[in-house]
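Trainee: Dumping the structure here so I can ask a few things about it.
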Amino acid sequence: MGNLSTVFANPSDNNTGSATDGVAVNAYGQGQCSGVTYTVPAHGDIAVSFKLKMQCVTPANVDALDKLIQGMLSASNKRKYDQLTQKSSSGGRGFFLFFSAGGSRTSTKQTTHTMTEYGLTTEQQTKIIDAMLKMANEINTFNYKGTINNTRYDYSVSGNLFGIVMDATIQKGENHTQLRFLAPNVHLDGDNGSSLPSVGKLY
């Protein structure tokens, strides 16, 4: 597979936040696994296996951040956070829509407001920011092994695999760190507008 080139959806005007420490989402949307087109037969499925090498935080790191945030939330706010995970635009983790305000660019001021709305204290927010900063922005290998299903359609579907990508700036004092996050769930978007689910996750 080729590198993940990002095609960002739902852009919004980026506002400069006044918070000293925080997270700003620079871009958010679908990232295409370029270089390969898959064809899934009518009422059938295909097995897919590949490796990607790219500069990105791993889905395992995203899982750890997701659990860290969930562990800090009250029962009611955790239910609200869990509802984000159910949306397809989350890529399978509420972490993404939590910081991107539903899938857009956000400032540090906006994400700080979101964390406060969810009941997170300043100390808890700092702990989340510190955890994000500990993730080195290195070249990582991403593996996928799963099945693409086309049981709904009586015709074959050809297209590319897509995942959810979030580019963010993590600010701590005078330091700024650029990080790209990749969600574990992928799907196939067909050339005819069809979207096919997959069984399996990036790891």
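The values are calculated or read from the model by the stated rules, or taken from the named source; none is laboratory data. Predicted model, so just to flag it, every value in this text is computed and none were measured. Virtual Cβ from ideal backbone geometry, glycine too; neighbours counted across all protein chains shown. The protein model used for the area step is the full one, side chains on, heavy atoms only, and it has no ligands, DNA or RNA in it. Shrake-Rupley method; radii C 1.70, N 1.55, O 1.52, S 1.80 Å.
Here is a yes/no grid of residues against (1) among the acidic types (Asp, Glu); (2) touching a strand residue (DSSP E or B) at 6+ places or on another chain (Cβ under 8 Å):
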site: Phe99; (1), (2): no, yes
site: Gly103; (1), (2): no, yes
site: Thr112; (1), (2): no, yes
site: Met115; (1), (2): no, no
site: Thr122; (1), (2): no, no
site: Asp130; (1), (2): yes, yes
site: Thr141; (1), (2): no, yes
site: Phe162; (1), (2): no, yes
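Trainee: Could you identify the single residue in Asn149, Asn143 that is at pLDDT below 90, closer than 30 Å to Ile46 by Cβ and within 24 Å of the chain's Cα centre (by Cα)? Steps first, answer last, please.
Mentor: Values: Asn149 fails: at pLDDT below 90.
Checking each option against the conditions leaves just Asn143.
Trainee: A follow-up question, please. Restrict the check to the range 95-117 and report whether at least one residue is open to solvent by less than 40 Å² (accessible area, probe 1.4 Å), outside any loop (DSSP other than H, G, I, E, B), under 22 Å from Ser195 (Cα atoms) and of a type in the set (Ser, Thr, Tyr).
Mentor: Let us first name the residues in the range 95-117 that are open to solvent by less than 40 Å² (accessible area, probe 1.4 Å), namely 95-100, 103-104, 106-108, 111-112, 114-115.
Right, trim to outside any loop (DSSP other than H, G, I, E, B) and you get 95-100, 106, 108, 111-112, 114-115.
Pick out the ones that are also under 22 Å from Ser195 (Cα atoms) and you get 96-97.
Retained after the next criterion (residues that are of a type in the set (Ser, Thr, Tyr)): none.
No, the range 95-117 contains no residue that is open to solvent by less than 40 Å² (accessible area, probe 1.4 Å), outside any loop (DSSP other than H, G, I, E, B), under 22 Å from Ser195 (Cα atoms) and of a type in the set (Ser, Thr, Tyr).
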